[in-house]
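Have a look at the structure below, then the notes.
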Amino acid sequence: MNSKKVWRTIWEWTMITIGTLIVAAAVYFFLMPSQFSIGSISGLAVVLANFIPFSVSEITMVLNVLLLILGFVLIGKEFSGKTVYTSIILPVFIGVFERFFPNFQPMTGDPFLEMICYIFVVSIGLAMLFNRNASSGGLDIISKILNKYFHMDLGKAMSLCGMCVAVSAIFVSDKKTLILSILGTYLNGIVLDHFIFGSNIKKRVCIISEKEQEIKDFILHELHSGATIYESIGAYQEIRRHEIITIVDKNEYGKLMNFLHKTDCKAFVTVYAVNSMIYQPKK
């Protein structure tokens, strides 16, 4: 393994560790003081801590280990070392916070604001993990089990598990906390999608224009991007034209739209959002 790969590996595991630390901080400083049960194993641990004489970190550790074992038995070796690593160090970090910040009280005193802060902070940590093909374990394992044995869509399985954990807040909290837990679970998914996909979204722009050559030259030489040309036939008059398809980022999209308005305001343009691309970059 050359030095570049070594540094890349060190950087990746450092980011995974920092991401897990951020998740643990969100759990300890926002979730636990307000007794929310927003869909996660840590949220379930907050509920269980009211019934058994163990700390949230200890309960989270036991649940994560049991779920890892269950996952290996029922699913097989599909879980990477990253998931095992994060499943173990997450409760360790929570335990460290429990020791150095005992009996931590809510920062704002406003449950709704605490929920928003939790969602924002935990989404940053989870996005760091997911973007490096890792996860915090826990409910992800249960979701994969439901996906394999009950053929449930993975996204729906994760939502179902999260909502079940959120509803468990009814056993230890008032109706307001229950509603905030359910609402927080739903909003957490939306915000997390934004953190994961929002920064990577590109635009797929499809253009049919009489100024085809000028538009193609602009894309290639001004935006330094690529394009694909398809032959298209209009259904109404059966006129043959070329459709230019290019994928651009937000900055390039603005430049391209300005150029199209100036060059051919009658051009037919359709735009789609692209969350990810798999391709071989040009050398």
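Couple of notes before you dig in:
- Condition broken by Phe36, with the remaining ones in (1) under 20 Å from the mean Cα position of the chain (by Cα); (2) open to solvent by less than 10 Å² (accessible area, probe 1.4 Å) satisfied: (1)
- Qualifying residue in region 21-31 (condition: open to solvent by 30 Å² or more (accessible area, probe 1.4 Å), closer than 19 Å to Met158 by Cβ and of a type in the set (Gly, Ala, Ser)): no
- Only residues that are part of a loop (DSSP other than H, G, I, E, B) and out of contact with any helix residue (DSSP H, G or I) (no Cβ under 6 Å at 6 or more places or on another chain) were counted in region 153-182, giving 3.
- Top-ranked residue in region 91-116 [being part of a helix (DSSP H, G or I) and β-branched (Val, Ile, Thr); ranked as least open to solvent (accessible area, probe 1.4 Å)]: Ile94
- Search result, residues across region 1-40 that are part of a loop (DSSP other than H, G, I, E, B) and of a type in the set (Phe, Trp, Tyr): Phe36
- Within region 199-222, tally of residues that are in a loop (DSSP other than H, G, I, E, B) and under 18 Å from Val274 (Cα atoms): 1
- Residue match in region 41-50 (condition: without any contact (Cβ under 8 Å) to a residue 60 or more places away in the chain and not in a helix (DSSP H, G or I)): yes
- Qualifying residue in region 78-85 (condition: assigned to a helix (DSSP H, G or I), among the hydroxyl-bearing types (Ser, Thr, Tyr) and surrounded by fewer than 17 Cβ atoms within 10 Å (Cβ to Cβ)): yes
- One residue from Ser209, Ser225 being of a type in the set (S, T, N, Q) and out of contact with any Ser or Thr (no Cβ under 7 Å at 6 or more places or on another chain): Ser209
- Scan of region 128-147 for residues that are assigned to a helix (DSSP H, G or I) and touching a Gly at 6+ places or on another chain (Cβ under 8 Å), ordered by number: Met128, Leu129, Leu139, Ile141, Lys144, Ile145
Yes or no, residue by residue, for (1) free of Cβ contacts under 8 Å to residues at least 12 places away in the same chain; (2) touching a His at 6+ places or on another chain (Cβ under 6 Å); (3) within 30 Å of Asn50 (Cα to Cα); (4) open to solvent by 60 Å² or more (accessible area, probe 1.4 Å):
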{"residue": "Ala166", "(1), (2), (3), (4)": "no, no, yes, no"}
{"residue": "Ile170", "(1), (2), (3), (4)": "yes, no, yes, yes"}
{"residue": "Arg204", "(1), (2), (3), (4)": "no, no, no, yes"}
{"residue": "Gln213", "(1), (2), (3), (4)": "yes, no, no, yes"}
{"residue": "Leu223", "(1), (2), (3), (4)": "no, no, no, no"}
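- Filter result for the condition that a residue is outside any loop (DSSP other than H, G, I, E, B) and open to solvent by 40 Å² or more (accessible area, probe 1.4 Å), over Ile88, Ile119: Ile88
The values are calculated or read from the model by the stated rules, or taken from the named source; none is laboratory data. Note that the structure is a prediction, hence the values are computed from the model and not measured. Cβ sites come from the backbone with ideal geometry, for glycine too, and all protein chains shown count toward neighbours. What goes into the accessible areas is simple: the full protein's heavy atoms, side chains included, and nothing from ligands, DNA or RNA. Shrake-Rupley method; radii C 1.70, N 1.55, O 1.52, S 1.80 Å.
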